[in-house]
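Report on the structure given below.
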Amino acid sequence: MPTIRVVTDSACDLPDDLLAELGIGLVPLRIRFGTEELVDRSELSTKEFWARFGASKALPETSAPSPGMFAEAFRAMAEQGADGVVCVNLSSKLSATIEAARQAARSLEGELPVRVVDSLSVTLGEGLVVQVAAEAAAAGDDLDAVVAKAESAVASMKVFGAIDTLDDLKRGGRIGGAQALVGSLLSIKPVIEVRGGKVEEESKQRTRGRSLRYLADKVKAAGPLERLAVMGADANDIDQFLAMLEGIQPQGRPVLQGDIGPVIGTHIGRGAVGVAYIPA
C-alpha cells in the first residue's frame, strides 16, 4: 500500500494539534512589518501578530515561501517513508505561493511524485481541503485518489466572511470584486465570499449583528453539511457567532474552529469572522 503525505502552507490556519495528528507538513509564509521580516508561526504567533497589527501604523505585508522551502518539505516526507506527496495551497488568484510549490514539484520529478492542488480558497477553507486530503492519505488512498478527493472538496467548498472594516482589504489590494463596496459604503458591515479563488462582494449589511446573523443563516440554509469550520480574526464576538450556529452538526464531525492568522489577517483586518463549509 502506498504511503501518501500532505503538505500545505501556513495560510491554511489549521491548528497545530490537527497538523500533528494528521502528519501534515507546513511551509510558512513570511510577514513583514516595515524592514523586519518574520516567519509565520515559528517567529510570529497569531496572538503576537494581532498585537503588532494594532500597534503598527503601516499595514504589514506577506511574502511567499521559496521553491526550496517546499522542496525541503517534500523531501522530508520522503525521508519519513512517503511514496508520494500532495501539496494543497492558498488560492493562486491571491498569492504566488502555489507557483513556488509547483516549481519545487517539478524539481523533484523522477525523485518523488508530487501533485499540487490549488485550493482556490483561504484560511480554513484551504484548511478543510488539506484535512480532506490528509484523512484520505491516512486511510490508505493512493496519490490519484487523494488528489481527486481534494479537488472534489475544492469544487464544493463555500467560504463567507463578515468583515468589520474594508480599510485593510482596500489597502492590501485584495478586495477583488468587492471594490464596489469601497468609498461611501465603508460604514457598512459587508459579507464577502471567496468565489473562484477571489474575494467578491456577497452582501451589504447595516450592522455587525446583522452581518453575523446573515452569515449564520447562510450556513443553516446550506442544508446538511459534510464539514464546517469557523474562524475569527481576533474577533471579540466569535462566541456570540458560534452560539448562532448551535445545533449544526456536520455529519457527526465536530465543527473545526481556528484563528485567522497573519497571512490572511494582514489583508482582511481585525474583527473578521468567517465560515467555510462543504455541503453533504
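The values are calculated or read from the model by the stated rules, or taken from the named source; none is laboratory data. Nothing here was measured: the structure is a model prediction, and the numbers come from that model. Note that we place each Cβ from the backbone using ideal geometry, even for glycine, and neighbour counts take in every protein chain shown.
Annotations for the structure displayed:
- Filter pass, F53 being touching a residue at least 40 places away in the same chain (Cβ under 8 Å) and within 21 Å of G127 (Cα to Cα): no
- Taking the criterion of being on the phi > 0 side of the Ramachandran plot and of a type in the set (D, E, K, R), the only residue of segment 1-32 that qualifies is D13.
- Helices (runs of 4 or more DSSP H) fully within segment 38-117 that include at least 2 residues being assigned by TED's automatic domain parsing to the domain that holds L19 and surrounded by fewer than 18 Cβ atoms within 10 Å (Cβ to Cβ): 67-79, 97-107.
- Residue match in segment 125-141 (condition: surrounded by 21 or more Cβ atoms within 10 Å (Cβ to Cβ), touching a residue at least 24 places away in the same chain (Cβ under 8 Å) and more than 25 Å from V194 (Cβ to Cβ)): no
- Of all residues in segment 8-22, those that are free of Cβ contacts under 8 Å to residues at least 24 places away in the same chain have Cβ atoms under 7 Å from Cβ atoms of residues that are surrounded by fewer than 24 Cβ atoms within 10 Å (Cβ to Cβ) and in a strand (DSSP E or B), 6 or more apart or on another chain, in L19/L26.
- Pairs with Cβ under 8 Å, 6+ apart, first in segment 215-240 and touching a residue at least 24 places away in the same chain (Cβ under 8 Å) and in the same structural domain as P254 (by TED's automatic domain parsing), second of a type in the set (D, E, K, R) and in a helix (DSSP H, G or I): D237/R208
- Filtered by the rule that a residue be surrounded by 22 or more Cβ atoms within 10 Å (Cβ to Cβ) and either modelled with pLDDT under 95 or not hydroxyl-bearing (S, T, Y) (or both), segment 5-23 gives R5, V6, V7, D9, A11, C12, D13, L14.
- Against the test of being under 30 Å from A145 (Cβ atoms), charged (D, E, K, R) and in contact with a strand residue (DSSP E or B) (Cβ under 8 Å, 6 or more places away or on another chain), the options R30, R75, R41 yield a single qualifying residue, R41.
- Residue ID - surrounded by the most Cβ atoms within 10 Å (Cβ to Cβ), chosen from residues in segment 249-267 that are in a loop (DSSP other than H, G, I, E, B) and under 12 Å from the mean Cα position of the chain (by Cα): I260
- Every residue from segment 165-196 that is assigned to a loop (DSSP other than H, G, I, E, B), modelled with pLDDT of 55 or more and crowded, with 21+ Cβ neighbours inside 10 Å: L166
- Taking segment 118-133 as the range and being part of a helix (DSSP H, G or I) and either outside the structural domain of L22 (by TED's automatic domain parsing) or of a type in the set (A, V, I, L, M) (or both) as the test, the residues that pass are L124, L128, V129, V130, V132, A133.
- Scan of segment 11-37 for residues that are of a type in the set (A, V, I, L, M) and in a strand (DSSP E or B), ordered by number: L26, V27, I31
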